[in-house]
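Trainee: Here's a structure for you.
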Amino acid sequence: MSTLRELFDVGGQSPWLDNVRRDWLRDGTMQRIVDEGVRGVTSNPTIFDKAMQSTGEYDAQLAEVAGSTPEEAFIAVAGRDIADTADLLDEVFEASGGTDGFVSFEVSPELAYDTDATVAAARSISERFSLRNLLVKVPATSAGLPAITTLIGEGISVNVTLIFGLTRYAQVIDAYLGGLEIAARAGRDLHGVASVASFFVSRVDTEVDKRLEAAGAPAALHGRAAVAQAVLAYELFEQRFAEASFTSLGAKGAQVQRPLWASTSTKNPAYDDLLYVNTLIGPHTVNTMPDATIDAFIDHGTVARTIDADVAVARATLEAISAAGVDIEDVATALEAEGVRSFAASYASLLRTIEEKRSSL
């Protein structure tokens, strides 16, 4: 059994790849990765931008859509990769009964603070791609929350992204449950509506460590906030999806909204390269990893249920960080704003790349 397959079969966690490249879809690399046990794929503008800059795989199609806007060209070009990836994952989707085997594609991050525009964009993506194993990525901003409820209520599966704190995560769960209630009243097939809640991990340590250092806090607290917060997020997940507000929906076929650990490559070279993988394994979770982290896990990862091994220690860790003068909720607020800015900048870079490519063809 490969380490990735063991991660799912023994640890209950679905490993997803955080990368989409057309050359990988064509040369068999993506198929090999799925054969090794990857059960889903995520994408974002940065990934497509890098792929378009580093290969000529997209040039011919970009020339074909020369008369369209950069945004329209991106949807057309990316749509082919998303469809091919969805097709490659369809066997996983079928074997899992529709609970895994998804590919994610996000609405423009420029719409992160506009509820109506986010809903309209997500509907358009869902209708245009028309894939049963597509997750539309929607940010967990204050404007994104009602959009999530609306989309889930309409039967559109959602990957909720840019979650950095426990308060926002609780609101994301509420948004999902509210959408399921709407879907149930409309008579929709609840099992056909899926969602993951993408909790960004490594960026939390980067910000908290910076603040701990500024506060002169003990070095022993560095590199511990992100995992501790994810552990408490999993505790919240287990609590909320065991409550009557969900169990009644579950009896009608609704799926739990799985926690997804995102941003799991280690940013600080002083930390273990699998810090955000080995420590966050548990049932009904997803870890979306870049290919380098997947390779590292295959090489020397350890499969064991770790996510709830010591919840008390996680809680004490966050309390100690708070006592040292770091406001974890303020960290989450700052990281959300920074995340939206970063994603929007990546999207703008992608559109520039498309224009430059088309001008040179």
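Trainee: Can you give the extra length, in nm with one decimal, that the chain gains between Gln61 and Asp23 once fully stretched, where that is 0.36 nm per residue apart less the Cα-Cα distance? Walk me through the intermediate numbers first.
Mentor: Numbers: separation 38, 0.36 × 38 = 13.68 nm, distance 1.37 nm.
In short, 12.3 nm is gained.
Trainee: Just from its helices, what would the mean residue ellipticity at 222 nm be for the chain, if runs of 4 or more DSSP H residues each count -39500 (n - 2.57) and the sum is divided by every residue, rounded to the nearest 500 deg cm²/dmol? Walk me through the numbers on the way to the answer.
Mentor: On the way: 16 runs with 204 residues, N = 361.
The per-residue figure over the chain is -18000 deg cm²/dmol.
Trainee: What distance in nm lies between label points placed 7 Å from Cα along the C-beta direction at His300 and Ser68?
Mentor: Result for the modelled spin labels: 4.5 nm.
Trainee: Filter the GluC sites (Glu not before Pro) in the range 177-253 down to the DSSP loop ones having no more than 15 other Cβ atoms within 10 Å, then list what survives.
Mentor: Details: sites: Glu181, Glu207, Glu213, Glu235, Glu238, Glu243; in loops: Glu243.
Here the GluC sites (Glu not before Pro) that fit, given the DSSP loop and packing criteria, are Glu243.
Trainee: Taking only the C-alpha atoms, wrap a convex hull around the chain and report its volume per residue in Å³ as a whole number. Mind dumping the intermediate values first?
Mentor: On the way: hull volume 47.3 nm³, N = 361.
Residue-normalised Cα hull volume stands at 131 Å³.
Trainee: Assuming R0 = 35 Å, what is the FRET efficiency of Ser130 and Ala334, from their Cβ-Cβ distance, to the nearest 0.05?
Mentor: On the way: r = 38 Å, r/R0 = 1.08.
Efficiency for this residue pair is about 0.40.
Trainee: Pop out the Kirkwood hydrodynamic radius of the range 126-278 from its pairwise C-alpha distances, inverse of mean 1/r, in Å to one decimal.
Mentor: Details: mean 1/r = 0.0604 Å⁻¹.
Radius from the Kirkwood sum: 16.5 Å.
Trainee: How high is the FRET efficiency between Tyr113 and Leu236 when r is their beta carbon distance and R₀ equals 25 Å, given to the nearest 0.05?
Mentor: 0.50
Trainee: Turning to a different aspect of this structure: Placing +1 at every Lys and Arg Cβ and -1 at every Asp and Glu Cβ, with all other atoms neutral, what dipole size does the chain have around its Cα centre, in debye to the nearest 20? The partial results should precede the final answer.
Mentor: Numbers: 29 positive and 51 negative charges, 80 e Å.
Dipole about the Cα centre, nearest 20: 380 debye.
Trainee: Under 24 Å Cα to Cα from Lys210, which lysines show up? Leave out anything in the same chain fewer than 8 places away.
Mentor: Partners within reach: Lys267.
Readers should treat all values here as calculations from the given coordinates under stated rules, not as data from a laboratory. Worth saying up front: this structure is predicted, and the values here are computed from it rather than measured. Positions of Cβ are backbone-derived with ideal geometry, glycine not excepted, and every protein chain shown enters the neighbour counts.
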